[in-house]
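Trainee: Have a look at this one before I ask anything.
The values are calculated or read from the model by the stated rules, or taken from the named source; none is laboratory data. What you are looking at is a predicted structure, and each value in this text was computed from that prediction instead of being measured. Using ideal geometry, Cβ is built from the backbone for each residue, glycine included, and neighbour counts are taken over all protein chains shown. Note: accessible area is taken over every heavy atom of the protein model, side chains too, but ligands, DNA and RNA are not part of it. Shrake-Rupley method; radii C 1.70, N 1.55, O 1.52, S 1.80 Å.
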Amino acid sequence: MSADRVISVRGLSLWYGAFRALDRVDLAVVPGEILSMIGPSGCGKSTLLRCFNRMNDQPYVRTEGDLEVAGYDIMAPKTDVLALRRDVGMVFQRPNPLPLSIRDNVLFGVRLHASRTPKSEQEGLMQDALEQVLLWDQVKDRLHDDAETLSLEARQKLCIARLLPLKPKVLLMDEPCSALDPNGIGAVEELMGSLRGKYTQVVVTHNMQQARRISDRCVFMLMGELVELGATVDVFTRPKDERTARYIEGRYG
Ligand SMILES: Nc1ncnc2c1ncn2[C@@H]1O[C@H](COP(=O)(O)OP(=O)(O)OP(=O)(O)O)[C@@H](O)[C@H]1O
Ligand SMILES: [Mg+2]
């Protein structure tokens, strides 16, 4: 894979049974960028995002095309899915911390994937991850508290923090702010901004203003098709495709 792309999608189609959810998608994601994916409900945003760490691996799902993510050939049956998911982390709509302490949530992945990491190193990894998600100051005196005692926004930050000790290359986020109030949305957007450049972030959002605020480039999808990809400012101010223009004007979706 060339150095200028961390995700490379070529002619990717996906069928759930007989239903085609992705239609010959082509896309290259640049290392360190924030790429947003927008489009009406059911257009295939989550489906495409899930392909990037092989979460559509079901007997009734069929795919065609090429997909490389962080150096993994995603479609190859021999691909080490556990290693792939270490390098390509996923964050969901609802924060889903494990029923463990704050500390154990952050270290869970390290213990699972890199069980030989010495205890002394684990503490540093934990602190670093919590600092990166701008949560350390808030939780440093209560690391043994149950993660469930945190606010929704802090739980979502924790879900991002627990991916970081594994040194992922790509963070996939499927509407990571949709369960949060305006303050929480602001805090998580600030966090994404502070992670720009360190990780590649692909963010699905229903909130077009959020896409404008946070992303370097933006993808517009419609009925399984990638209609437009460009610098976010261009997609929103001078879209090339009539369908993009109609969507951002709020004519549908
Ligand atoms: N596991 C599945 N089995 C069958 N069909 C599915 C499955 N997951 C998604 N679909 C269908 O594939 C299409 C794309 O769904 P997807 O969830 O990717 O859309 P989306 O753009 O993420 O929508 P939303 O904005 O509502 O989250 C939809 O028609 C959906 O009903
Ligand atoms: Mg979705």
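Trainee: Need the failing condition index for Arg196 against (1) in contact (Cβ under 8 Å) with a residue 40 or more places away in the chain; (2) surrounded by fewer than 21 Cβ atoms within 10 Å (Cβ to Cβ); (3) in contact with a helix residue (DSSP H, G or I) (Cβ under 6 Å, 6 or more places away or on another chain), just the number.
Mentor: The number of the failed condition is (3).
Trainee: Next up: Would you check which residues across segment 44-66 are of a type in the set (A, V, I, L, M) and either closer than 20 Å to Ala211 by Cβ or more than 12 Å from ligand 1 (Cβ to nearest atom) (or both) and list them?
Mentor: Leu48, Leu49
Trainee: For segment 133-151, give me each residue that is out of contact with any helix residue (DSSP H, G or I) (no Cβ under 6 Å at 6 or more places or on another chain) and open to solvent by less than 50 Å² (accessible area, probe 1.4 Å).
Mentor: The one that is out of contact with any helix residue (DSSP H, G or I) (no Cβ under 6 Å at 6 or more places or on another chain) and open to solvent by less than 50 Å² (accessible area, probe 1.4 Å): Leu150.
Trainee: Can you work out which of the residues in segment 52-94 that are assigned to a helix (DSSP H, G or I), open to solvent by 60 Å² or more (accessible area, probe 1.4 Å) and free of Cβ contacts under 8 Å to residues at least 60 places away in the same chain is nearest to Ile185 (Cα to Cα)?
Mentor: Across segment 52-94, the extreme among qualifying residues is Arg85.
Trainee: A further question follows. Across segment 228-253, what is the total count of residues that are out of contact with any helix residue (DSSP H, G or I) (no Cβ under 7 Å at 6 or more places or on another chain), open to solvent by less than 40 Å² (accessible area, probe 1.4 Å) and closer than 21 Å to Arg10 by Cβ?
Mentor: 2
Trainee: Additional query: Looking at segment 34-43, which of the residues that are within 10 Å of ligand 2 (Cβ to nearest atom) and not aliphatic (A, V, I, L, M) is nearest to Val219 (Cα to Cα)? Step through it out loud before you land on a result.
Mentor: So in segment 34-43, the residues within 10 Å of ligand 2 (Cβ to nearest atom) come out as 37, 39, 41-43.
Then drop every residue that is not not aliphatic (A, V, I, L, M), which leaves 39, 41-43.
On the way: Gly39: 8, Ser41: 14, Gly42: 15, Cys43: 12 Å.
Among those that are within 10 Å of ligand 2 (Cβ to nearest atom) and not aliphatic (A, V, I, L, M), it is Gly39.
Trainee: Which of the residues belonging to segment 215-227 are of a type in the set (A, V, I, L, M, F, W, C) and either free of Cβ contacts under 8 Å to residues at least 60 places away in the same chain or open to solvent by 10 Å² or more (accessible area, probe 1.4 Å) (or both)?
Mentor: Within segment 215-227, Leu222, Met223, Leu226, Val227 qualify.
Trainee: Determine which single condition Ser46 fails, assuming it passes every other condition in (1) within 16 Å of ligand 2 (Cβ to nearest atom); (2) among the small types (Gly, Ala, Ser); (3) open to solvent by 30 Å² or more (accessible area, probe 1.4 Å); (4) in contact with a Lys or Arg (Cβ under 8 Å, 6 or more places away or on another chain).
Mentor: (4)
Trainee: Can you say whether Ser41 is within 7 Å of ligand 1 (Cβ to nearest atom), open to solvent by 10 Å² or more (accessible area, probe 1.4 Å) and within 21 Å of Asp87 (Cα to Cα), as far as the supplied structure shows?
Mentor: no
Trainee: Going through segment 158-201 one residue at a time, which ones are within 16 Å of ligand 2 (Cβ to nearest atom) and touching a Phe, Trp or Tyr at 6+ places or on another chain (Cβ under 7 Å)?
Mentor: Leu172, Asp174
Trainee: What number goes with the only condition from (1) in a loop (DSSP other than H, G, I, E, B); (2) under 30 Å from Gly11 (Cβ atoms); (3) of a type outside the set (Asp, Glu) that Arg116 does not pass?
Mentor: Of (1) in a loop (DSSP other than H, G, I, E, B); (2) under 30 Å from Gly11 (Cβ atoms); (3) of a type outside the set (Asp, Glu), only one is false for Arg116: (2).
Trainee: Those residues that are away from ligand 1 (no atom under 14 Å from the Cβ) and either modelled with pLDDT of 95 or more or on the phi > 0 side of the Ramachandran plot (or both), I need them from segment 166-177; list them, please.
Mentor: Once the filter is applied, which keeps residues that are away from ligand 1 (no atom under 14 Å from the Cβ) and either modelled with pLDDT of 95 or more or on the phi > 0 side of the Ramachandran plot (or both), segment 166-177 yields Lys167, Pro168, Lys169, Val170, Leu171.
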